[in-house]
1. Only one of these conditions is not met by residue A:303: (1) closer than 20 Å to residue A:236 by Cβ; (2) facing chain C (nearest Cβ under 10 Å); (3) more than 17 Å from the chain's Cα centre (by Cα). Which number is it?
2. If a residue must be in a strand (DSSP E or B), in contact (Cβ under 8 Å) with a residue 60 or more places away in the chain and either surrounded by fewer than 18 Cβ atoms within 10 Å (Cβ to Cβ) or of a type in the set (Val, Ile, Thr) (or both), how many such residues does the stretch B:307-363 contain?
3. When the residues of the stretch B:124-169 are filtered to those that are hydroxyl-bearing (Ser, Thr, Tyr) and more than 26 Å from the chain's Cα centre (by Cα), which remaining residue is surrounded by the most Cβ atoms within 10 Å (Cβ to Cβ)?
4. Look at residue B:304 and say whether it is farther than 18 Å from residue B:230 by Cα and touching a residue at least 24 places away in the same chain (Cβ under 8 Å).
5. Out of (1) within 11 Å of chain C (Cβ to nearest Cβ); (2) more than 25 Å from residue B:143 (Cβ to Cβ); (3) in contact with a helix residue (DSSP H, G or I) (Cβ under 7 Å, 6 or more places away or on another chain), what's the single condition that is false for residue B:65?
6. Filter the stretch C:108-160 down to residues that are more than 7 Å from every other protein chain (Cβ to nearest Cβ) and assigned to a loop (DSSP other than H, G, I, E, B) and give me whichever is surrounded by the most Cβ atoms within 10 Å (Cβ to Cβ).
7. Take residue C:50 and decide whether it is at pLDDT below 85, hydroxyl-bearing (Ser, Thr, Tyr) and within 17 Å of residue A:109 (Cβ to Cβ).
8. Test residue B:167 against the stated conditions and say whether it is of a type in the set (S, T, N, Q) and more than 17 Å from residue B:195 (Cβ to Cβ).
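The values are calculated or read from the model by the stated rules, or taken from the named source; none is laboratory data. For clarity, every value in this text was computed on a predicted model and none was experimentally measured. Cβ coordinates were reconstructed from backbone atoms using ideal geometry, including for glycine residues, and neighbour counts include every protein chain displayed.
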Amino acid sequence: MAAGAASGGSAKSDTYAEARTWLLLPAWAVLGIFVLAPVLMMLVYSFLTKEFRGGVIWDFSFAAYDQFFCNRGLFGDEPCSIEWTYINIFWRSIWQAGAATLLSLVIGFPTAYFIATRPEKVRPIWVFLITIPYWVNLLIRTVSMKFMLRDQGPLNDFLISTGLIDTPIHIVNTNFAVQLGLFYSYLPFMVLPIYASVERYNFNLSEAAADLYASKWVTLRRILLPAVKPGVIAGCILVFVPSLGSFLAPDLLGGAKNFMIGSLIEEQFKGNAGNWPFGAAASMILLTMVLIILLIFARQQAKAEKGTG
Amino acid sequence: MSDKDTIAVDVRDAVKRYGDFTALQRISLSIYDNEFFTLLGPSGCGKTTLLRMIAGFEDVTEGAIFLFGDEIEKLPPNKRPVNTVFQNYALFPHMTVTENVGFGLEMRGKSKSEARQRAGEMLELVQLSQFADRKPAQLSGGQQQRVALARALAPQPKVLLLDEPLSALDLKLRQAMRFELKELQRETGITFIFVTHDQEEALTMSDRIAVMSAGKLQQLGEAKEIYERPHNMFVADFIGETNLLEVSVDKIADGRAICHLGGGHELTCNEVPGVGVGSKVHMSVRPERLFLSDEPTESESLKGQVRDNIFVGTDIQTIIDLADGPQMIVRTSNSDRGNKRIFEPGAQAYVNMEQEAARLLVD
Amino acid sequence: MARGKNDIKSFPGFLPMTILCLVILYAPLVVVTIYSLNDSNSITNWEGISFRWYADVFTGPESEKFKIAAWNSFTIAIIAATVSTTIATLAATAMVRGGRFRLRTVSFGLISLPLMVPEIVTAVATLIFFNSIGFTRGYLTILMAHIAFCIPFAYMPISARMQGIEDSYEQAAMDLYATKRQAFTKILMPLMLPGIISGYILAFIISLDDFIITNFVKGAGVETLPTAIFGSVKQGIKPNIMAISTMLLAVSIIMVTISYFVSKSDNTK
């Protein structure tokens with residue numbers, strides 16, 4: 001979704017140049033107050049002291065970051081050694097998001113390619129079919145997925161009735177269930193940018209390669225793939241980034257064992273038990289990771305755009 | 001014909017810069033009332049920029065533009081009594097043909113019924129009355145073109161600007177529209193300023209032509225003058241086909257210049273201000289003003305060897321290498337074959353030209 | 001044009017992959033729809049078709065809760081979509097028709113910020129923000145948060161549409177004596193309409209569907225449909241939840257389909 005819009009497009013004309021400040025003012029105000037200011041406030045909160053019933057005390061402190069990275073022993077008086085608990089949760093999130101991305105790529109690439117090689121008139125219909133589920137409530141989709149995959153759910157019923165298995169396969173509350181949920185949540189983000197770049201690809205190049213004795217699969221690997229690489233990278237980023245901070249799929253499909261960043265953050269703000277500065281700090285770390293990935297990605301896209309003219 | 005006493009549009013020292021890039025370099029020209037005036041040049045020469053400055057879509061960086069004596073370069077487009085026919089017509093897709101044609105009148109405060117009535121008259125003028133209630137997308141390219149014309153003429157502008165209006169049409173239609181446009185200009189008596197990159201279009205329709213290149217005015221004059229007496233290399237090369245020969249001027253006497261063109265060949269032609277003895281310049285000779293013969297004739301004759309003949313429909317082009325000199329192209333009309341001989345490749349022949357055919361160019 | 005074995009574009013296995021992809025995407029939705037019609041108290045056993053769980057949503061013991069949640073969800077979605085579409089239309093006009101200017105990149109970054117920041121982070125940040133300025137959480141806080149994050153979703157189709165409209169239409173209007181305001185209202189707006197409608201619909205769906213941000217900023221006692229559903233699901237999936245989910249699913253699909261056909265209708269042709 002962000003792929004085509006990465007540069008924001010160019011200004012088409014300057015007809016309304018003198019009014020642009022007034023036209024942009026409402027957007028600046030609303031987004032500034034309700035998105036930008038809150039993120040900055042979150043940064044501030046991550047350096048405050050926690051209050052035990054939720055909320056903060058306005059005392060400057062590194063405690064939240066210290067808790068995240070440092071293990072200071074049972075009584076909190078030992079020198080800092082690396083605390084692995086939260087790093088492991090982040091690491092598991094990265095791993096899960098990566099696996100979901102790979103799964104999306106393996107299924108999404110052939111799909112995107114297939115759609116892009118349909119006759120021009122029916123392509124929008126295929127794209128529409130792929131995107132419809134995305135617009136269905138994520139919560140409902142995740143619940144549906146959980147319902148499907150249960151031990152006594154339709155999937156196991158179906159597999160048993162066909163005689164493929166005798167006893168239900170446990171899928172819910174496994175890593176795989178979470179990956180499947182994430183894949184299901186963000187698949188259109190993989191398909192759309194790849195579709196867009198395959199559609200732009202000049203198939204004369206493949207013909208030229210075939211003419212020069214390359215087989216189909218060699219042509220795919222040596223000619224097509226390098227040409228559509230920006231689309232593939234865009235797709236991977238667009239699946240990976242939201243997967244990393246997702247909450248619903250790990251919470252509903254993963255259970256307590258498969259805790260991810262989203263659940264860790266959510267817990268800090270639940271009821272009176274939470275630790276707001278720590279939640280803010282974890283959010284800041286997640287946000288920083290995401291912004292770094294997006295920045296590298298934007299640089300690469302800009303370079304690729306320059307390269308292709 | 002144009003009325004040379006009244007100046008419709010007067011462009012004075014107009015400059016247009018976009019940042020570091022200069023699109024128009026100090027252009028001054030006067031366009032007379034009732035004239036069919038053409039801005040001709042290759043793409044990027046600044047002709048459309050100049051037209052859009054007159055229309056009000058581009059600011060004037062420096063200089064001034066007058067419309068019948070009133071300074072207008074600071075006015076927004078909706079305050080200028082000029083109308084434009086856009087290259088892609090820009091017909092409002094969500095309005096009917098009548099609504100399109102009546103739009104300008106409505107904006108000028110005319111009532112809806114008045115606008116409709118006048119739009120009906122305009123559609124009659126361009127013979128599209130039966131399409132009044134259609135949407136633009138339901139019309140052919142030629143019909144859209146005429147709606148655009150009717151829309152621009154409906155508010156009775158003092159000057160009509162046409163931005164390559166024929167370029168989207170196919171060849172046959174384009175040729176028919178040239179004639180129609182010229183007629184329309186005569187009937188309405190409105191000054192037309194026409195922008196095109198097509199020299200044939202310019203030559204057939206215009207009272208006067210301004211040839212532009214690289215943001216500069218290259219030559220301004222009537223069609224015949226520009227074709228037969230091009231001022232510089234660019235104009236000679238851009239308009240029609242020509243032989244451009246490198247020459248050095250040996251001597252000037254009695255208004256005639258004797259020029260050398262390598263290989264010992266010599267040619268005499270009219271002197272041109274700005275080209276003195278000893279200057280190395282180019283000479284333009286139109287290929288249709290040359291003819292071939294076995295023997296030298298009384299006119300200027302240059303000896304050479306025929307390399308090839310190329311059949312191009314109405315003409316035959318003969319490529320001939322002058323002995324130790326440059327190559328030239330001679331054009332012989334097919335209808336003329338009874339009088340003029342065609343030489344086979346390899347044959348020796350003389351290239352002959354009339355006295356006025358060669359023209360010295362200021363580079 | 002025959003597609004033979006020599007067609008260099010087609011690869012064996014890509015069609016089955018596409019079908020697998022669609023099956024994975026649609027199977028859960030289809031299954032939930034089917035089971036919402038199950039005439040049984042248990043979700044596991046199939047006991048024939050009935051609409052009793054749909055009736056239960058409207059008249060059952062939880063109906064009051066769902067009614068209030070639905071009212072909250074739909075009023076918030078309508079207001080948020082209306083406000084954010086208006087803001088997005090103005091912003092798109094400045095961005096696409098406002099020439100080059102220094103704050104253009106910054107403005108674009110700000111508009112797309114809600115798409116770049118992970119939703120959970122936006123949720124935390126918004127909660128902290130309202131807390132820090134002492135604003136009591138409730139209906140209003142949900143509404144304000146929704147307006148903000150719906151802006152980019154409304155902005156995208158609107159600006160894409162505006163990019164596609166040649167500026168010569170407005171120039172022609174001004175050449176024919178229209179003022180800038182008239183060129184905007186009489187020419188640009190009518191041509192923009194499909195983009196604005198589809199932007200509105202997308203914003204509406206995004207607001208209607210949002211769970212994470214709403215869950216953080218809703219405060220005690222105020223529920224929207226997704227938060228109410230989540231609360232119920234935590235105790236286990238019940239048949240009435242499947243009925244309500246199916247209805248919500250239908251609303252989304254109908255709206256997206258409308259949006260698709262509206263944006264496909266090209267009124268410039």
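1. (2)
2. Residues meeting the conditions: 3.
3. My answer is B:129.
4. yes
5. That leaves (1) as the condition not met.
6. C:137
7. no
8. Spelling it out, it is not the case that residue B:167 is of a type in the set (S, T, N, Q) and more than 17 Å from residue B:195 (Cβ to Cβ).
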